[in-house]
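See below for the structure under consideration.
The values are calculated or read from the model by the stated rules, or taken from the named source; none is laboratory data. Quick caveat, the model's predicted, so the values are computed rather than measured. Every residue, glycine among them, receives a Cβ derived from its backbone with ideal geometry; neighbour counts consider all protein chains shown. In case anyone asks, the SASA skips ligands and DNA or RNA and just uses the protein heavy atoms, side chains included. Shrake-Rupley method; radii C 1.70, N 1.55, O 1.52, S 1.80 Å.
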Amino acid sequence: MSKPLAPKSPPVRKYFLAGIFLIVVFALGMAGVYWAAKQDQARVERSKLSTITPPGADADAAVFATYGTSPTCKSCHEEAYENWARSHHALAERSLDPALDTPAFDPPWRITHGTQNSEARLVEGKFQLVTQGLGGTNQPFEVARVIGVDPLLQYLIPTEGGRLQASELCYDPNHPGWFNVYGEEDRQAGEWGHWSGRGMNWNNMCANCHNTRLRKNYDEATDTYATSMAERGVGCEACHGPMADHNAWQARFPNQRGDPTVRRISREEMFSACAQCHSRRAELTGDYRPPENFFDHHQLTIPDETDIFYPDGQVRDEDYEVTAFLGSKMHAAGVRCVDCHEPHTSKVRLPGNFMCLSCHSGPLPTAITNALNTAPVGPRIDPETHSRHQVGTRGDFCTDCHMPQTVYMQRHPRHDHGFTSPDPRLTKELGIPNACNRCHTERTADWSLDYVIQWYGPRTNNTVLDRATTVAKARNADAAAVPGLLRMLREENIPLWRAVAANLLKRWTQETNVTAALLSAAGDTNELVRAMAVRGLEPIAQSGGATVRTMLNVRLNDPVRSVRVDAAWALRHQLDTNSTAGTDLIAYLRHNLDQPGGAMQMGVFQMDRSNLAAALVYFERAVKWDGFSAPLRHALAVAYSTDGRGREAVEQLQAAVRLAPEDAEYRYLLGLAFSETGNLRGARDALAEAVRLDPSFARAWYNLGLAQSALNQPEPAIESLLRAESLDAHSPMFPYARATILARLDQVEEARLAARRALELRPGFAEAQQLLQALSR
C-alpha cells in the first residue's frame, strides 16, 4: 500500500544534550547541531546549493526512452505477463474505472469519522469526495485516480502545485463501505497528517512505490511538483530494469538467444528490487533502478532508540517486511523473497504449511520441489507434533506462530517477516507481544509460558531474550546495556543486529572501549554495519581525535552511497561539498526538502556550516509546514537563541510544551530559555516541572539548583544539586556548583569536600582549583 501511515507529526527523533543553560544540541535522524565558524565557507555553500536543480522534463524524457513498458513484454513472455497483469503490483496505481469504482460512489455514501461528516458521490459522471478541506469546511473534491486493490482502495485528489493527496477515507471492496484509515483519530485541516497535509502527499509518500521509475521533480523555489514516471503501476521494468534496448534487439533478431542487452538478475539484486518498496526507509536519490544496490539509494530504518520496532525486532509501526527479515535466521541462511514468493503473481509459491515444509521436512513430491527455486534445507519439523494445534485450525499453520500478523490501515493484516518463535518471557519482562497471546487474548503470558515449557521444554531462545533485553536497556539510556551491545557488535552473526548495536552505542561513544569497537565496526564487510558505526562515531567527529577523523574520511570514499552520506554528515562542518560524498549529501538533502523534516535537516546543515540566516529560513519553513510538531518548534528555538532572539526562542518552546505537555525535556529547555532572557522565576518553575515529570533527569536537577541559587534559595539549591549528583556521579560540574553555594554560606569544610570531589572527577578543573585555593586562605 502507501508509505507508513502518517503520524500526526513527522517522526523527528530527539536526543537529550544540554549545558548549564541554553547550550542545546538536537538531532533529526542522524542530525545534530554544533556551532562552527567559517562565514567564507557559508558563502560558497549558498552558491553551490543554488546550482543544483531537480531533474526536468528533458532529463525525464531521456530516462523514460530507455523503458519499453510492460505491454511490450507480453508477446514473448505471455504467461509471466498474464500472471503479473492480475497482480497487486500491476494494479498498485491506476486510473479510475467505472466498472471497479462506481460502487464506492453510487449510490452516495455518507461517512462519519471523528467529529466530521463526509460524502462519496457520483455527480455528472465525476467521482467526488465531499470532505473537510484546508479551510476547515466541507467542499467537493474530484477524485483523479486510485492506489491499491485489496483489501482497500485509497483515492487520490489533485490539489495545487502538481500535488496529489491521498484521502484518509478509503473504500473496502470486500465489505462494501467507507472507513477512516486513522481509525478513531480525528485529524483536522492544518495538521501534517491530515489528508490535505504533507504527510499524505502522494508525490512524496506514495508515488515511488506505486509506479515504475518515478521522478518526483520537486522544485523548492516554487514549492511545486512536476512528477512523472515511466509507467503507472509496478510494471515489469520496476524489477527487471529498463528494457527498451532489449525490445529493439529482439525486433532485429527475433527468437534468437545471446541478447547482449540483458543479463539474469541475481537473487541479491532482486532482493534490492523488492526492498526498495517493502521497507521503511529514507530516500537518498529518489531514482533507484534495478539491479542497483538498495543501499546506494536508501537509508534503512532499523530498531533504534525509538519504539518503531519492538526490542526483539518485531514490527510495531508500519515497518513493512525487509528490516525484520534482515534480522531473521531465514535471511542469514540465504533465503530470499523469490524463494517463497512467485514474483509475477506476488503470491506464495505453495499453499498453507507446504511452503515452509518445502525446506523444513523430509522429501517432497517432485511436483512441489519443481515449483521451488532451491533444494529443501533447514531443520526438519514434524507438523503434527510441532504445532500442538488441531490440523487446519488457527495455530496449526506455521505463519500463525512464526509470522504473526499486525493490522495496518484498519483493514490490512501483514505478516511479520522476522520468523520469530513465540516467547512469553519477552512479554513478561519487556512487554513485547508473543504469538500465543496475540491469539489467546483472554489468557496471561504466564499461561502461555506454562504451555511453551510443557510442550517444548525450557529451550526457548535465550539469545533473542538477551539481545532484546540489551536493546531495551539501551533505549532507556541504561549504561548496563554497554557490555551487551559490545558483545553484539563483536559476536553477532546477523549483520542487522551488529548494525543495531553500533547505532545504539552512540550514546556512550566517548568511552574508550566503545570508540575502539565502533572504529573496528566501521570497517565491517556489511554496508549497513559500516553506516551505523559511522553514525555511532558522529557525536565525537569533532572531538574524537585523528583516529576517528581518519576513519570517517576513509568512509567518505566507501563504495556504497548510504555509508558515504552518513560519513559526510558526520563531517559536515568542514566537508568538501565538491567531493563525491559531499555531492551525495547535498543531493540527499535537496531531495527531501519538500517535507518539514527535510527542511529541518537542511537547517541543521546550514547552521553547522555557519550560515545562520539560511538555517533560520529552513527552520521557519519546517514550522510553517507543521506547526503541530514539538521537535520542530524546539529546533527553531535553538536557532532563535543562537541569533540572540531569546524571547522568540521562549515562545517556540512554550508552544512545544503545549504540544507535548508530558515531555520533561521541553520543560527543561524552556527553563534554560527563560534563564537566558533573565526570567529566573520562570526558569525555576519550568525546571521544577521537568524534574516532576522525570525525577531521574540529572541535568534538570542541576539547572534547577542553579536557578534556585540565583534566586537566593541556597538550601533548596543544595538539595537539587545533591539529587543531580546521586543520579549522575560522573559530572564534575554538579559538586563544583554545590561547592560555590556552600562557600557563600560559609560552610567552608563542606565546600572544600565538594570542590575536591569535582577535581577527582576532572583533574585540572581550573575553577575548582581556584575555589579550593580561596577556601584554604
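A few points about this structure:
- Being within 24 Å of Leu486 (Cα to Cα), more than 23 Å from the chain's Cα centre (by Cα) and surrounded by 18 or more Cβ atoms within 10 Å (Cβ to Cβ) is a property that holds for Thr515.
Every residue, every condition in (1) β-branched (Val, Ile, Thr); (2) open to solvent by less than 50 Å² (accessible area, probe 1.4 Å); (3) under 30 Å from His194 (Cα atoms), yes or no:
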{"position": "Thr547", "(1), (2), (3)": "yes, no, no"}
{"position": "Leu556", "(1), (2), (3)": "no, yes, no"}
{"position": "Thr577", "(1), (2), (3)": "yes, yes, no"}
{"position": "His591", "(1), (2), (3)": "no, yes, yes"}
{"position": "Gly598", "(1), (2), (3)": "no, yes, yes"}
{"position": "Gln601", "(1), (2), (3)": "no, yes, yes"}
{"position": "Ala656", "(1), (2), (3)": "no, yes, yes"}
{"position": "Ala660", "(1), (2), (3)": "no, yes, yes"}
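- If the condition is being part of a loop (DSSP other than H, G, I, E, B) and under 30 Å from the mean Cα position of the chain (by Cα), then the stretch 452-470 contributes only Asn461.
- Screening the candidates Arg507, Arg475 for the property of being in contact (Cβ under 8 Å) with a residue 12 or more places away in the chain, crowded, with 19+ Cβ neighbours inside 10 Å and charged (D, E, K, R) yields one hit, Arg507.
- Arg561 vs. criteria in contact (Cβ under 8 Å) with a residue 60 or more places away in the chain and either under 19 Å from Glu292 (Cα atoms) or crowded, with 22+ Cβ neighbours inside 10 Å (or both): yes
- Hey, Glu168 surrounded by 20 or more Cβ atoms within 10 Å (Cβ to Cβ) and within 25 Å of the chain's Cα centre (by Cα) or not: yes
- Positions within the stretch 536-545 being surrounded by fewer than 18 Cβ atoms within 10 Å (Cβ to Cβ) and either free of Cβ contacts under 8 Å to residues at least 60 places away in the same chain or under 21 Å from Glu305 (Cβ atoms) (or both), in sequence order: Ser543, Gly545
- Qualifying residue in the stretch 253-265 (condition: surrounded by fewer than 18 Cβ atoms within 10 Å (Cβ to Cβ), in contact (Cβ under 8 Å) with a residue 24 or more places away in the chain and over 27 Å from Gly598 (Cα atoms)): yes
- Only a single criterion out of (1) in a strand (DSSP E or B); (2) farther than 24 Å from Thr131 by Cα is not satisfied by Ala166, namely (2).
- Matching residues in the stretch 676-698 - criterion: being among the charged types (D, E, K, R), within 13 Å of Ser720 (Cβ to Cβ) and crowded, with 18+ Cβ neighbours inside 10 Å: Arg684
- Within the stretch 58-138, strands (runs of 3 or more DSSP E) holding 2 or more residues that are open to solvent by 80 Å² or more (accessible area, probe 1.4 Å): 109-113
- Members of the stretch 191-203 found to be open to solvent by less than 20 Å² (accessible area, probe 1.4 Å) and under 15 Å from Arg163 (Cβ atoms), listed by number: Trp192, His194, Trp195, Gly197, Gly199, Met200, Asn201, Trp202, Asn203
- Matching residues, the stretch 542-567, being hydrophobic (A, V, I, L, M, F, W, C) and touching a Phe, Trp or Tyr at 6+ places or on another chain (Cβ under 9 Å): Val560, Val563, Val565
- Listed here are the helices (runs of 4 or more DSSP H) enclosed by the stretch 679-752 that have at least 1 residues being within 18 Å of Leu775 (Cβ to Cβ): 698-710, 714-727, 733-744.
- Whichever residue in the stretch 753-777 is free of Cβ contacts under 8 Å to residues at least 24 places away in the same chain and not in a helix (DSSP H, G or I) and, among such residues, is least open to solvent (accessible area, probe 1.4 Å): Gly764
- Residues (under 23 Å from the mean Cα position of the chain (by Cα) and open to solvent by 30 Å² or more (accessible area, probe 1.4 Å)) located in the stretch 282-294: Ala282, Thr285, Asp287, Arg289, Glu292, Asn293
- Evaluation of Val338 against (1) more than 22 Å from Leu504 (Cα to Cα); (2) of a type outside the set (Phe, Trp, Tyr); (3) touching a residue at least 60 places away in the same chain (Cβ under 8 Å); (4) open to solvent by 30 Å² or more (accessible area, probe 1.4 Å) (one fails), failing number: (4)
- Number of the exception - Thr444 against (1) modelled with pLDDT of 95 or more; (2) of a type in the set (Val, Ile, Thr); (3) under 28 Å from the mean Cα position of the chain (by Cα): (3)
- Flag for Arg394 being in a loop (DSSP other than H, G, I, E, B), in contact with a helix residue (DSSP H, G or I) (Cβ under 9 Å, 6 or more places away or on another chain) and either of a type in the set (A, V, I, L, M) or closer than 30 Å to Leu153 by Cβ (or both): yes
- One residue from Val529, Val471, Val482, Val464 being modelled with pLDDT under 95, among the aliphatic types (A, V, I, L, M) and within 30 Å of His402 (Cα to Cα): Val464
- Some residue of the stretch 289-297 being in a loop (DSSP other than H, G, I, E, B), farther than 20 Å from His89 by Cβ and not small (Gly, Ala, Ser): yes
- Flag for Asp416 being open to solvent by less than 40 Å² (accessible area, probe 1.4 Å), farther than 15 Å from Tyr320 by Cβ, touching an Asp or Glu at 6+ places or on another chain (Cβ under 9 Å) and among the charged types (D, E, K, R): no
- Scope the stretch 150-186; condition among the charged types (D, E, K, R) and at pLDDT 95 or above; matching residues: Glu160, Arg163, Glu168, Asp172
- Counting only residues that are over 27 Å from Met602 (Cα atoms) and among the aliphatic types (A, V, I, L, M), the stretch 635-686 holds 3 of them.
- Candidates Leu486, Leu449, Leu496, Leu426: the one that is buried (at least 19 other Cβ atoms within 10 Å of the Cβ) and either within 21 Å of the chain's Cα centre (by Cα) or outside any helix (DSSP H, G or I) (or both) is Leu496.
- With respect to the conditions (1) in a loop (DSSP other than H, G, I, E, B); (2) surrounded by fewer than 19 Cβ atoms within 10 Å (Cβ to Cβ); (3) not aromatic (Phe, Trp, Tyr), Glu268 lacks only one, and its number is (1).
- Of all positions in the stretch 259-278, none carries a residue that is small (Gly, Ala, Ser) and under 30 Å from Glu160 (Cβ atoms).
- Here Leu571 meets each of (1) open to solvent by 10 Å² or more (accessible area, probe 1.4 Å); (2) free of Cβ contacts under 8 Å to residues at least 24 places away in the same chain with one exception, condition (2).
- Ala477, sole failed condition from (1) modelled with pLDDT of 95 or more; (2) at positive phi: (1)
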